[in-house]
Structures are given as C-alpha cells and as structure tokens.
Amino acid sequence: MQGLMMDYPLIINNILEYGNLLYPDKKIITKLPNGLIHEYQYRDFYKRVKKLANVLKNLGIESGDRVGTLSWNNYQHLECYYAIPCMGAVIHTINIRLSVEQLTYIINHAEDKIIIVDATLIPLLEKIYDQIKTVKHFIVFNTDKIETKIPNILYYEDLLSKEVDDYTWDLQDEKQAMGLCYTSGTTGEPKGVLYSHRSMYLHTVAQSQTNSLGLNTRDIVMPVVPMFHAMCWGLPYSCIMSGTNIVMPGPHLKPESLAQLIEEQKITISAGVPTIWHGLYHELKNNPRDTSSMRYSLVGGSAMPRGLIESYENDLKIKVLHAWGMTETSPLGTVSILNENHEDMSQEEQFNYKSKQGYPICGIEIRIVDDHGKKLVWDGETMGELQVRGSWVAKSYYKVSPNSESFTDDGWFRTGDVATITSDGYMNITDRTKDLIKSGGEWISSVALENELMSYSGVLEAAVIAIPDSEWFERPLALVVAKEDHNLTEEQLKAHLAKSFIKFWLPDKIIFTTEIPKTTVGKFDKKEIRKKYWLKE
C-alpha cells in the first residue's frame, strides 16, 4: 500500500520562492572589487534572478545546458546559483585556482555554452578562450566596458536592464541535474560531480537541522569558502531557505578584510578552510576587534589542528564547528557538535571531540572497512577506509562509468580517507589512504603528526610525507614553516612529538622551509611535496 501524499517536487525553484515570500526584507551584502559595499534585499535578488533567467533563455540556453561561472563570492554569482538551475540548466562553478590546462579541460569536458565571468578574472580567461570549443558567449559583470581580445563579450548589467522581472518556472523533475563541480584533480584529470535538484534540496534541508549547521533568521552568514568549491558548501541554498542575511567578501580574502567584515557586519557564522582561519586568528590576536556576534566558525576542507581550535575558543571566544565533506557529498557529511554526554567531560576530553570531524548528519551513512571490505568496529581506535552513502552522495562521475576504485559493489562511495569512529558515532580522519606511512609493517598517520607539530607555539604550518627507507620501507619526513621571530630546531620539535607518540612514529628528518605547496582548495599538496623530497636523502 502506498501513501496518499502530494508529489511535491524537491527543486531549487521552491527554495527561491520560499525565501522571497517569507524573507523579502533580508539582506545580501557584497564587498565589491573596488572596496565599496553593495547591498540589496531578497526581493531585489528575486527579481534579478528572473531577469537573468530571461537573459539566458534568449541567448539560447535550454534544459540541461551547462552554464559556467568564473567568479568570486558576490551577489551576481549568487544570482547565477538560482537563475541557471531554476530555468532547467546546469550551473558549472569553475575553480579559478586550477591550472590553465585543467581549466581548459573541465570547460571542454562540461561543454559549457556560456561563461559568466567577473571582470577581474578576464585575464585568466584570456589565457584559454581560444582553446574552448563550445562556449558561444562570455557575459562579464562588475564592469560596463572592458578591453579584451576575447570575442562575443556581453555585459551582465546591460543584458539584465533589457529584461522583465517575470519568468514562469516550468521545471518539475526533481531528478534533473542542477549543478556540476569538478574535483581538484590532485591525481589525474579532474572528475565531474553532477548534482540533482533533489539531492541539493535534501542537502539544504539537512544543513538546517539543529544538530547540523542550525541556520536561522537571526544569523548573518559570511561564506569565505569560495563559491567555486563544492557549491560553496551548499550555503547559497541553506541561507536563503533559512532566511539569513548573507555577506559576500568578494575577492577580499586577506585576514584584515575578513576581520573588518566580521566586526562591521556583525557576522554570526563564517565558513572556510583552516588556512583562512589560521591567518585570521593571528590578525585578531594582533589587532583585536569586536567579534562577540560570532556563534561559530565552520571549518572544513581539511582538518583544523586541535591547537588552533583551542586558541579560537580560549583566546578569541569564538566557537569552532569542525565538519567534513567532499565534492562527492554535496559536500556536507559530518559535523562535530558536543552532545549532553560530553557536558561532564574535562575540557581536554571535550577538545578531543571537537577536533574530530564528527557524526553523520541525518541522510548520510558512514562506515569503515579493512583492505578486504570487511566492516570494522566503532571503538575510536580501529582504523579503516571511510566509505559513505546517502541522499546527496554521488553514485558515479560525469561521463565516467562507475568503477571499483571509487564505488563499491554494494553502493558505497570510497572516500580515500582513513578514519576511526567512536562508539557514539564521531568520525576522525587519520589520513588519506595514499598518505599513510607504512613503516616496518605498521601504519603511521601523517595527519596526526601534522596536527601535533602545528600545536607547537612556534610552528606556522607543518606537512608530513613518507620517504623511502631501505630498512623500514617508508619513514616520515616533516616540513615545517616557523612563525616569524621563532628559531626552531629539530630537537625541540622531536621532543614535543615524543610527548604524544612512541619513538617509532617520530620523523627521521624535519626540514624547515618558508612555504609548503598547497592545492587549489588550500590543502597541503602532498603530490608536489613528494616530487621534491621522495628521492632526496
């Protein structure tokens, strides 16, 4: 017997209509490239989204066509986040930090028909425009005139000014594609993840759960995570659904600019990767500002060192919400919020939990397995490959047949992470499968060593890789960037590590450097580090 309920489509259009109907006075604020502040309300946003839909329709965009965006976090990009999928097309958010070769590859692979680009990024597009095969028009915003060799240039505001602010949405299929994001391609070519309206709608609802991000109408949210990273972690949709004010930093990502926005705009929730919060911490320590409005900082992309979490909460009185996800999980998978069972724990034990990636939000399942695919126990100690499945998890890559490297026969996504899970469901990533160090038949976690090194007061950054060893197969090598005015020695750092790890785990070598290579999403680029140090003695 089936239920007798309405078949209400789970589509992004309904989020847009809901936000406009319930919260028309809410604000969207952007710091423009010239430093000025642009501000308008949801009702203005709503009308411009419909105008943009008309623009795209009149330029020949049809259902299923891909429209690329090359932009920072700003109100025009947010308009694209809604107009493109609501008219039935697919928004392809292009990572501006990829190499020229990778940018060319993903635009051609996606077969974008139009690219909407911020004027400040035209120089990047000029490097590849003649290698792009399918793009018919380039729409530029944040300028009304620009000198460029790129053909078929149109101007965003000029196009919108000629359109009416009325558009009848006719999309009904919740399984239709709405967004396309490519992985950063640290190994091989970037792979496309194609989201559906249904998956993103459910992801949006899940983010608003009290035991998830818990967004509400009192919040003022500043997404520092780029809008070209995994759909900006879904925040453009959950903010509108929850009726928050939204503050977009534009290209102004330096710590002093972010600190200023937090103080002046009374930000309650910010979101970004650990490298952003590392710089902001030192800015706020050296130049204190009023950050009392902050409910929490959402951290993802890579593990935030426990020492930095403690520093934020103890020194700045800003709570940190540790989370985990991937492009393939839309991206939110887990959050680390303490529950009532942790209230009587010591502060030390509580920080042990806060530094974990946390429990799966409702709609996501996680498990850890051994090399043979056997499910492992949740005891907080046993390590295994982390696998995930759920309503907003990819089942295959765009234009790629499912394979055992990424997906299991019983329908789970293989994350490539190695993790432990406590008996109460808190997951902790100990490493990437390819970054684990196998020494003398035993596993050493590079992430654990990195976090402990970065907890030392004089260490700015630390990355650990495996290097070949004739006796032990592999041994750990640490790269360390010292803070200014700190003279560190190997002996100091090894003594610090020895307090937490057995001697076998300690790096054979610690190399001091001025910079550690990073990927386009701010993670340590272990591939580049290995190229330089793998065969070095």
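The values are calculated or read from the model by the stated rules, or taken from the named source; none is laboratory data. In this text the structure is predicted, and so the values were computed from the model without any measurement. So basically every Cβ, Gly included, is an ideal-geometry build from the backbone, and we count neighbours across all protein chains shown. With ligands, DNA and RNA removed, areas are computed over all heavy atoms of the protein, side chains included. Shrake-Rupley method; radii C 1.70, N 1.55, O 1.52, S 1.80 Å.
Here are the numbers:
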{"read-out": "Low-density loop cleavage sites - trypsin sites (Lys or Arg not before Pro) in region 161-256, where at most 15 other Cβ are within 10 Å (DSSP)", "value": "LYS162, LYS175, ARG218"}
{"read-out": "Area accessible to solvent at GLU343, 1.4 Å probe radius, in Å²", "value": "130"}
{"read-out": "Surface accessible to a 1.4 Å probe, per residue, for the residues of region 434-537, Å²", "value": "54"}
{"read-out": "Average projected area [Cα convex hull, the chain], square nanometres", "value": "26.7"}
{"read-out": "Unit charges at the beta carbon, dipole of the chain: most positive-side option, SER311, GLY416, ILE150", "value": "ILE150"}
{"read-out": "Helix 42-58 vs. the chain, principal-axis angle (Cα, 0 to 90°, nearest 10)", "value": "70"}
{"read-out": "Low-density loop cleavage sites - GluC sites (Glu not before Pro) in region 81-158, where at most 11 other Cβ are within 10 Å (DSSP)", "value": "GLU147"}
{"read-out": "In range of the label at ILE153: residues from region 63-98 whose backbone nitrogen is under 20 Å from the point 7 Å along Cα→Cβ", "value": "68-72, 76-77"}
{"read-out": "Value of [θ]222 nm, deg cm²/dmol, for the chain, DSSP H segments ≥ 4, -39500 (n - 2.57) each, nearest 500", "value": "-8000 deg cm²/dmol"}
{"read-out": "Heavy atoms of SER404: accessible area, 1.4 Å probe, square angstrom to 10", "value": "90"}
{"read-out": "Loop-located chymotrypsin sites (Phe, Trp or Tyr not before Pro) in region 112-151, at most 10 other Cβ atoms within 10 Å (DSSP)", "value": "none"}
{"read-out": "Sites ASN287 and LEU4 - FRET efficiency at Förster radius 45 Å, r taken between beta-carbons, to 0.05", "value": "0.15"}
{"read-out": "The chain, accessible surface, carbon-and-sulfur percent (1.4 angstrom probe)", "value": "48"}
{"read-out": "Degrees separating the helix 255-265 axis from the principal Cα axis of the chain, which is the longest one", "value": "60"}
{"read-out": "Accessible area of ARG48 in the full protein assembly, 1.4 Å probe (Å², nearest 10)", "value": "40"}
{"read-out": "Whole-Å semi-axes of region 198-254's equivalent ellipsoid (Cα gyration tensor)", "value": "19, 14, 8"}
{"read-out": "Rounded, prolate or oblate (a/c below 1.5 giving rounded, otherwise prolate when a/b exceeds b/c) for region 1-69 by Cα gyration tensor", "value": "oblate"}
{"read-out": "Calculated FRET value between LYS509 and ASN34, using beta carbons and R₀ = 45 Å, to 0.05", "value": "0.40"}
{"read-out": "Rounded tilt (10° steps) of 274-286 against the dominant C-alpha axis of the chain", "value": "80"}
{"read-out": "For region 17-64 versus region 460-517, the gap between their alpha-carbon centres in whole angstrom", "value": "49"}
